[in-house]
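Novice: Before we start, here is the structure in question, set down as structure tokens.
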Amino acid sequence: MANSKYEYVKLYEVTTRFSQVHEFQKPNDEEALNLMNSCAISVSEAFPDIVFSYGFSDEYSFVFKKMSKFYQRRASKVGTIIVSFFSSVYVMKWRQFFPHKELMYPPFISCTCYTLCIRRSHTNNLHNTCLWELIKSGKIESEALGLLKDSSKEEKNDLFRKCGINYQKLHPMFRQGASILKTEVFEVLKHNDNGSPVRRFRRKSSIVHSKNIADRRFWNKHAHLQKELGSFTKDIGKVEPDYIRSFQFEDKLIPSTWVVVRIDGCHFHRFSEVHEFVKPNDEQAINLMNSCAVAVLKEFQDLVFSYGVSDEYSFVLKKDSQFCQRQASEIVSVLVSFFTSLYVMKWKDFFPRKELKYPPCFDGRAVCYPSYEILRDYLSWRQVDCHINNQYNTCFWELVESGKTKTEAQNALKGPQTGDKEKLLRQFGIDYNELPVMFRYKNGECNGNSGKRVVVEHCNIIEASFWDALPYNSFWVTADAGKQWGSIFLAIERSTFS
């Protein structure tokens, strides 16, 4: 049977995969929720500008203080860093909460705006609890959903009574979600010689469960919230979803353009130093990045090409892709989150004797390119940068190993052109053109339209011969040759947790 243009909707079916594969209890898995809450606390403590968090099920909302200048309020930076850090912590903490359950599939999350109203948690949990009680009683899921359609709160409560369930006695985490607050505490750092404690002021995150976080009594009793976000003068009643959505930033990408999502390691200079990566190129670290990129291409059918160098990877979306309705924040956050989860999960495969000392994170951005020619120029630009940076770094670390300080090495490399750097390297017995091609050209991955085959190559993507040699059905359509040369990068839905 031929594939129709609507086949892409299958991508959204992975939304139920994570909880099914890991056999989470329905309607609520307490350990899974505790893991989410623990990750949210880590995020809250890692980023001081976050003043309040609220979460339920597979969702968390993080509130930044109103005057925050975190990454100068750039939406793509803020969203992807938080999502990436959350994903990284989730994988690292998995064993603490599921010691006897293997993490079978990388979790990934999208960055979306949600209302901070407790009523949504209550409404969703009420519906899901009823749904799974009906399924337990012998109904199939479609029958259960049909019975619950348009049912009132009183009818749901009547069902609880028939099942012998007192909804009000369910764990408040299920009914009310979890709020994370920062409280001001003093902690003892050390003791002086005379035995008196030396204290340090800090804000500590803690979880509370409240019946209604929109109630002024909840809001006004927390001094930190009042200071950063203001106080409530009256209780908030029913919150209209359309009103909340009116504040959501519209970031739909231009139609019929090539979309490139570039992800970058966040503070990876420090990360590489802490984890003692080999300079100027750590082959295992590069192989780890490549392995993650390959897995991303294999996972998402819309992904067909990517190019990576150092702690950076660019993924290309096909020109006519409607993935995530071309919403930039969802597209970028899903890719960054999935890549981050893979990076943590695969760490031991490449560094079996090296502990992952803290959560790595990545940021990302999406850029539209109107033509095939400009897209190729973008990829050429990244490879030229690869060559320039690798040549500089090779010279820099050879100078450092020869006895110069880092400052002296930097000063020595100010101004020299490519030929001068090659001459300098020859003084150290290095022919730059004989270095492994993986270091000089870095890595390109091409994914066939079927999504079943990923080819990894280290080659010159600037020359037209690279693109001309691609198989007929492997990439995008060129303007002059009419070859189907398919493009692309990322995919998938809002979250794999549900």
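Novice: Of the residues that sit in the stretch 340-383 and are under 16 Å from the mean Cα position of the chain (by Cα) and in a strand (DSSP E or B), which one is surrounded by the fewest Cβ atoms within 10 Å (Cβ to Cβ)?
Specialist: Arg365
Novice: Specify which of the listed residues (Val344, Val309, Val384) is modelled with pLDDT under 90, among the aliphatic types (A, V, I, L, M) and under 30 Å from Trp94 (Cα atoms).
Specialist: Selected residue: Val309, the only one of Val344, Val309, Val384 that is modelled with pLDDT under 90, among the aliphatic types (A, V, I, L, M) and under 30 Å from Trp94 (Cα atoms).
So that you can scan it fast, the table gives a plain yes or no per residue for (1) at pLDDT 80 or above; (2) exposed (fewer than 15 other Cβ atoms within 10 Å of the Cβ); (3) small (Gly, Ala, Ser):
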position: Asn125; (1), (2), (3): no, no, no
position: Cys130; (1), (2), (3): yes, no, no
position: Leu134; (1), (2), (3): yes, no, no
position: Ser137; (1), (2), (3): yes, yes, yes
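Novice: Condition check: crowded, with 19+ Cβ neighbours inside 10 Å and free of Cβ contacts under 8 Å to residues at least 60 places away in the same chain. Does Cys292 satisfy that?
Specialist: Yes, satisfied.
Novice: Is it the case that some residue within the stretch 480-487 is more than 23 Å from Gln301 (Cα to Cα) and either at pLDDT below 65 or surrounded by fewer than 18 Cβ atoms within 10 Å (Cβ to Cβ) (or both)?
Specialist: Yes, the stretch 480-487 contains at least one residue that is more than 23 Å from Gln301 (Cα to Cα) and either at pLDDT below 65 or surrounded by fewer than 18 Cβ atoms within 10 Å (Cβ to Cβ) (or both).
Novice: Of all residues in the stretch 403-417, count the ones that are hydroxyl-bearing (Ser, Thr, Tyr) and surrounded by 11 or more Cβ atoms within 10 Å (Cβ to Cβ).
Specialist: Going through the stretch 403-417 one residue at a time, the tally reaches 0.
Novice: Can you tell me which of (1) more than 25 Å from Gln72 (Cβ to Cβ); (2) touching a Gly at 6+ places or on another chain (Cβ under 8 Å) is the one Ser329 doesn't meet?
Specialist: The single condition Ser329 does not satisfy is (1).
Novice: Are any residues in the stretch 286-300 touching a Lys or Arg at 6+ places or on another chain (Cβ under 7 Å) and polar (S, T, N, Q), and if so, which ones?
Specialist: If the condition is that a residue be touching a Lys or Arg at 6+ places or on another chain (Cβ under 7 Å) and polar (S, T, N, Q), then Ser291 is the only one that fits.
Novice: For the stretch 42-62, which positions are over 17 Å from the mean Cα position of the chain (by Cα) and in a helix (DSSP H, G or I)?
Specialist: Scanning the stretch 42-62 gives a single hit, Glu45.
Novice: If you check Phe24, Phe56, Phe64, Phe52, which single one turns out to be farther than 27 Å from Gln96 by Cβ, touching a helix residue (DSSP H, G or I) at 6+ places or on another chain (Cβ under 7 Å) and modelled with pLDDT of 85 or more?
Specialist: Phe64
Novice: Residue by residue through the stretch 368-397, note down the ones that are farther than 17 Å from Asp311 by Cβ and charged (D, E, K, R).
Specialist: Selection gives Glu373, Arg376, Asp377.
Novice: Taking into account only those residues within the stretch 112-123 that are part of a helix (DSSP H, G or I) and surrounded by fewer than 19 Cβ atoms within 10 Å (Cβ to Cβ), which is modelled with the lowest pLDDT?
Specialist: Only one residue fits best here, namely Arg119.
Novice: Against the condition under 31 Å from the mean Cα position of the chain (by Cα), assigned to a loop (DSSP other than H, G, I, E, B) and modelled with pLDDT of 75 or more, how does Ile213 come out, does it pass?
Specialist: So Ile213 passes the test.
Novice: Residues in the stretch 224-263 that are small (Gly, Ala, Ser) and modelled with pLDDT of 85 or more: how many?
Specialist: Number satisfying all stated conditions: 1.
Novice: Could you tell me which numbered condition Pro280 fails, if it satisfies all but one of (1) crowded, with 17+ Cβ neighbours inside 10 Å; (2) within 24 Å of Pro107 (Cα to Cα)?
Specialist: Result: Pro280 passes all but (2).
Novice: Taking into account only those residues within the stretch 318-339 that are polar (S, T, N, Q) and either touching a strand residue (DSSP E or B) at 6+ places or on another chain (Cβ under 8 Å) or modelled with pLDDT of 90 or more (or both), which is surrounded by the most Cβ atoms within 10 Å (Cβ to Cβ)?
Specialist: Within the stretch 318-339, the match that is surrounded by the most Cβ atoms within 10 Å (Cβ to Cβ) is Ser337.
Novice: Being among the hydrophobic types (A, V, I, L, M, F, W, C), more than 28 Å from the chain's Cα centre (by Cα) and at pLDDT 75 or above is true for just one of Phe218, Phe174. Which residue is that?
Specialist: Criteria check complete, one pass: Phe218.
Novice: Applying the selection to the stretch 256-288, what residues are without any contact (Cβ under 8 Å) to a residue 40 or more places away in the chain, touching a helix residue (DSSP H, G or I) at 6+ places or on another chain (Cβ under 8 Å) and assigned to a helix (DSSP H, G or I)?
Specialist: Answer for the stretch 256-288, where residues must be without any contact (Cβ under 8 Å) to a residue 40 or more places away in the chain, touching a helix residue (DSSP H, G or I) at 6+ places or on another chain (Cβ under 8 Å) and assigned to a helix (DSSP H, G or I): just Ser272.
Novice: Please give the number of the condition Arg73 fails out of (1) surrounded by fewer than 16 Cβ atoms within 10 Å (Cβ to Cβ); (2) of a type outside the set (Phe, Trp, Tyr); (3) at pLDDT 90 or above.
Specialist: Arg73 satisfies all of (1) surrounded by fewer than 16 Cβ atoms within 10 Å (Cβ to Cβ); (2) of a type outside the set (Phe, Trp, Tyr); (3) at pLDDT 90 or above except (3).
Novice: Moving to a separate point now. I want to confirm something. Restricting to the stretch 157-186 and keeping residues that are surrounded by 17 or more Cβ atoms within 10 Å (Cβ to Cβ) and basic (Lys, Arg), which single residue is farthest from Arg202 (Cα to Cα)?
Specialist: In this case the residue turns out to be Arg175.
Okay, residues lined up against (1) farther than 30 Å from Gln327 by Cβ; (2) part of a helix (DSSP H, G or I); (3) modelled with pLDDT of 75 or more; (4) touching a Phe, Trp or Tyr at 6+ places or on another chain (Cβ under 6 Å):
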position	(1), (2), (3), (4)
Cys395	yes, yes, yes, no
Gly403	yes, no, yes, no
Glu408	yes, yes, yes, no
Gly419	yes, yes, no, no
Asn473	no, no, no, no
Trp476	no, no, no, yes
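The values are calculated or read from the model by the stated rules, or taken from the named source; none is laboratory data. Only a predicted model underlies this, so the values are computations on that prediction, with no experimental measurement involved. Note that each Cβ is placed from the backbone with ideal geometry, even for glycine, and that neighbours are counted across all protein chains shown.
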